[in-house]
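Peer 1: I'd like to ask some things about the structure below.
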Amino acid sequence: MTSVTGGRGAATIRPSERESTGPSAPGVALGTYLEPDSAEARVVDALFDCVARWGMAKTTVEDVARSAGISRATVYRLFPGGKGAILQAGLGSEITRLVGELNRQLEPLATLEEVLARAVSFSITEMREHRAFGQVPEHEWASIEKHLTFDRLDPVFLLAGAAFGPSLMRFLTPEDASHVAMWAARLVVSYLQSPSDDLDPGREDTARHLVVTYLLPGLEPAA
């Protein structure tokens, strides 16, 4: 097992049996898995509950500890990096869950257009309806970004390339598959940061229009 934060007693993670263990980035780890009844999982759940109620910026480690029913010292023993480390573990766990469900939905789809449209619309809908991240207003995304290492949100985009890319390789070269996966992740995050009243990629027909208009014309099919 490896540690989310690298510290003694930190939350442990293990690779998902379904997902690639390819490139990842510091902080947010591909394949992050938290035992459902573990103290680490309770702390992450408590963070999500607090963020849903008060927002990321106003949530403190003390709030998280109180919500989890444990001491502040225990939270820091489990996550030496504090709120940022808890967020990183939570993001890694949620990305792993989302990618697993997404890949199951993509398996029966027959065309690249369908796969990309479903990936974008599903991801936006899942994140928008998430009990914590779905409640984060536009101005609060900076509070989440500042807790991510390796140039802020880049770990999320790298994870998308490593996790979602293989689902695209039946249609694209490996290099294009990775680039397209990261493009899709950027589209999802950009929309969540600045949602539009006129354009909703959470609708699959809208996502398909964006894919057909702006992405597919520039791609070379796999040999």
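Peer 1: Out of everything in region 107-126 that is surrounded by 19 or more Cβ atoms within 10 Å (Cβ to Cβ) and of a type in the set (A, V, I, L, M, F, W, C), what residue ends up being farthest from GLY90 (Cα to Cα)?
Peer 2: LEU112
Peer 1: Looking at region 66-107, which of its residues are in contact with an Asp or Glu (Cβ under 6 Å, 6 or more places away or on another chain) and under 23 Å from HIS130 (Cα atoms)?
Peer 2: SER67, LEU98
Peer 1: Okay, next question. Say whether the condition of being among the acidic types (Asp, Glu), exposed (fewer than 14 other Cβ atoms within 10 Å of the Cβ), over 15 Å from VAL99 (Cα atoms) and at pLDDT 80 or above is met by at least one residue in region 176-194.
Peer 2: No; the residues of region 176-194 include none that is among the acidic types (Asp, Glu), exposed (fewer than 14 other Cβ atoms within 10 Å of the Cβ), over 15 Å from VAL99 (Cα atoms) and at pLDDT 80 or above.
Peer 1: Hey, which of the helices (runs of 4 or more DSSP H) in region 32-125, taking only ones fully inside, have at least 2 residues that are at pLDDT below 95?
Peer 2: 39-54, 83-106
Peer 1: GLY9 is checked against (1) outside any helix (DSSP H, G or I); (2) more than 28 Å from VAL188 (Cα to Cα); (3) modelled with pLDDT of 90 or more and fails just one. What number does that condition carry?
Peer 2: With (1) outside any helix (DSSP H, G or I); (2) more than 28 Å from VAL188 (Cα to Cα); (3) modelled with pLDDT of 90 or more applied to GLY9, the lone miss is (3).
Peer 1: Suppose we keep only residues that are in a helix (DSSP H, G or I) and out of contact with any helix residue (DSSP H, G or I) (no Cβ under 9 Å at 6 or more places or on another chain) within region 170-213. Which one would you say is nearest to ARG128 (Cα to Cα)? Working first, answer last.
Peer 2: Quick first cut of region 170-213, residues in a helix (DSSP H, G or I) only: 174-193, 204-213.
If we keep only those that are out of contact with any helix residue (DSSP H, G or I) (no Cβ under 9 Å at 6 or more places or on another chain) too, we end up with 175, 190, 213.
Numbers: GLU175: 29, SER190: 12, THR213: 24 Å.
My answer is SER190.
The values are calculated or read from the model by the stated rules, or taken from the named source; none is laboratory data. Quick caveat: nothing in here was measured; it's all calculated off a predicted structure. When we count neighbours, we look across all protein chains shown, and the Cβ atoms used for this are built from the backbone with ideal geometry, even at glycine.
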